[in-house]
Amino acid sequence: MKAFGAEFFGTFWLVLGGCGSAVLAATFPETGIGFLGVALAFGLTVLTMAFAIGHISGCHLNPAVSIGLWAGGRFPAKGLLPYIIAQVLGGIVAGGVLYLIATGKAGFDVAAGFASNGYGEHSPGGYSLLAALVTEVVMTMMFLIVILGATDKRAPRGLAPIAIGLCLTLIHLISIPVTNTSVNPARSTGVALYVGGWAVAQLWLFWVAPIVGAILGATVYRWIGRTDP
């Protein structure tokens, strides 16, 4: 239960910190942090939580990561469902806290997006469904390769949180214009439910693509990272 609690609060922090930076600070008059700031915020949430709860739960914070770690032989199947439930609940609660904060400003309209992920007319850059699908699959695949490599027992000890946090930052720098960057079904669900409509209708992509990408990343790392006899 402590591990599930750690995943809940860790994912809560990821969604509140990452999506909160996008909703509250990205375009704040004159001092907006922009795409770079949002990308860094997501990376920092993972970096800080990896040090805070990595020794408790492994700091997955992401259903796709949990599934990828299972596919990579690093996580037991029996832990998948409880971890995923804890992560999604943490994301939804964070979305609720962010909604309460954001609606405290006159004129706020959740229909504007609320940091939701989307494609087509709901992509920040107007990218197609295919472009969004490829982006989410490839970005999540690379994320899992970095996670599995950085946490390999042969890797330098104690530096994994830095590599993983910087990797997530880089992923956001690349893909925010395409999908607003998901690579995490819990992050996508946590805000989409408050937007409803199009955000929920497009949510399927941000479950399917990250999970496919995570399994591909685990498969690749099991091949390139195996120790031959």
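Annotations for the structure displayed:
- For the stretch 1-56, a residue qualifies if it is under 14 Å from the mean Cα position of the chain (by Cα), open to solvent by less than 30 Å² (accessible area, probe 1.4 Å) and hydrophobic (A, V, I, L, M, F, W, C), and the qualifying residues are Leu14, Val15, Cys19, Val38, Ala39, Ala41, Phe42, Val46, Ala50.
- Flag for Ala209 being among the aliphatic types (A, V, I, L, M) and open to solvent by 20 Å² or more (accessible area, probe 1.4 Å): no
- Residue in the stretch 90-104 that is surrounded by fewer than 17 Cβ atoms within 10 Å (Cβ to Cβ) and out of contact with any helix residue (DSSP H, G or I) (no Cβ under 8 Å at 6 or more places or on another chain) present: yes
- Scan the stretch 159-205 for residues that are open to solvent by 20 Å² or more (accessible area, probe 1.4 Å), in contact with a Pro (Cβ under 8 Å, 6 or more places away or on another chain) and in a helix (DSSP H, G or I) and the total you get is 1.
- Residues of the stretch 61-83 that are open to solvent by 20 Å² or more (accessible area, probe 1.4 Å) and either among the aromatic types (Phe, Trp, Tyr) or under 14 Å from Ala6 (Cβ atoms) (or both): Trp70, Phe75, Pro82.
- Restricting attention to the stretch 172-228, the residues that are free of Cβ contacts under 8 Å to residues at least 12 places away in the same chain and at positive phi add up to 1.
- Test: Tyr127 is outside any helix (DSSP H, G or I), open to solvent by 20 Å² or more (accessible area, probe 1.4 Å), out of contact with any Cys (no Cβ under 8 Å at 6 or more places or on another chain) and touching a residue at least 12 places away in the same chain (Cβ under 8 Å): yes
- Considering residues of the stretch 85-124 that are among the hydrophobic types (A, V, I, L, M, F, W, C) and part of a loop (DSSP other than H, G, I, E, B) only, the residue farthest from Asn180 (Cα to Cα): Ala106
The values are calculated or read from the model by the stated rules, or taken from the named source; none is laboratory data. What you see is a predicted model, and the numbers here were worked out from it, not measured in a lab. Reconstructed Cβ throughout: ideal geometry from the backbone, glycine too, with neighbour counts over all protein chains shown. The accessibility values were calculated without ligands, DNA or RNA, using every heavy atom of the protein model including side chains. Shrake-Rupley method; radii C 1.70, N 1.55, O 1.52, S 1.80 Å.
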